[in-house]
1. Quick one: if the Förster radius is 25 Å, what FRET efficiency do Leu126 and Phe37 give, using the C-beta to C-beta distance and rounding to 0.05?
2. Mind giving me the FRET efficiency for Ala83 and Thr111? R0 is 30 Å, r the Cβ-Cβ distance, nearest 0.05 is fine.
3. For Thr96 and Lys29 in the same chain, what is the full-extension length gain: residue separation times 0.36 nm, less their Cα-Cα distance, in nm?
4. Sorted from largest down, give the three principal axis spans of the alpha carbons of segment 87-127, whole angstrom values.
5. Give the carbon-plus-sulfur fraction of the accessible surface of segment 26-127 in %, rounded to a whole number; probe 1.4 Å, heavy atoms of protein chains only.
6. At 7 Å along the Cα-to-beta-carbon direction for both Lys103 and Gln50, put a label point, then send me their distance in nm to one decimal.
7. From the cross-link list Lys38/Lys68; Lys35/Lys110; Lys38/Lys87; Lys87/Lys117; Lys87/Lys113, which pairs have alpha carbons spaced over 23 Å apart?
Amino acid sequence: NIDAATINLQFDLYESVFEIKNLNFETGKYEIQSKYFKELENLILLLKEQNKINIEIAGHTDSIGNDKANQILSEKRAISVKAYLVKNLIDSKRITCMGYGEKQPVESNKTEKGREKNRRIEIRILK
């Protein structure tokens with residue numbers, strides 16, 4: 001299920017952030033694994049119900065590899081999720097994609113489990 005977590009970002013741009021539980025990526029990859037389609041279906045239902053909501057899809061990576069490559073990879077991860085949503089009839093004008101590279105880890109990059117959690121997508125509800 002999709003959990004809402006309100007978060008105070010210094011710019012206060014976001015109403016709330018949905019972290020799609022465990023929508024993580026394999027190292028160096030940006031293809032969505034089919035086991036995450038159910039989570040994305042829940043997001044699609046939410047976006048169809050709440051058709052005034054605009055979102056930012058935030059892509060993230062772990063710290064393996066160089067900064068520039070991780071920046072590009074995080075952008076590709078966000079774009080792959082946007083493509084999935086658009087394919088499922090969500091208006092592309094409602095979706096902004098941002099790649100944050102390795103700059104916003106949620107876990108330590110010192111362990112494999114932590115790195116896996118950092119290779120993620122967050123859905124941020126825009127104000």
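The values are calculated or read from the model by the stated rules, or taken from the named source; none is laboratory data. No experiment lies behind these values; they were computed from the predicted model shown. Here the Cβ is made from the backbone with ideal geometry for all residues, glycine too, and neighbour counts use every protein chain on show. Ligands, DNA and RNA are excluded from the accessible area calculation, which covers all protein heavy atoms including side chains. Shrake-Rupley method; radii C 1.70, N 1.55, O 1.52, S 1.80 Å.
1. Working: r = 24 Å, r/R0 = 0.96.
After rounding, the FRET efficiency stands at 0.55.
2. On the way: r = 31 Å, r/R0 = 1.03.
Given R0 = 30 Å and the Cβ-Cβ separation, E is 0.45.
3. Values: separation 67, 0.36 × 67 = 24.12 nm, distance 2.04 nm.
Extra length available between Thr96 and Lys29 comes to 22.1 nm.
4. 39, 22, 14
5. On the way: 3070 of 5750 Å².
About 53 percent, which is the carbon plus sulfur part of the accessible surface.
6. My value for the distance between the label points is 2.5 nm.
7. Working: Lys38/Lys68 31 Å; Lys35/Lys110 26 Å; Lys38/Lys87 15 Å; Lys87/Lys117 26 Å; Lys87/Lys113 31 Å.
Too far apart for the 23 Å limit: Lys38/Lys68; Lys35/Lys110; Lys87/Lys117; Lys87/Lys113.
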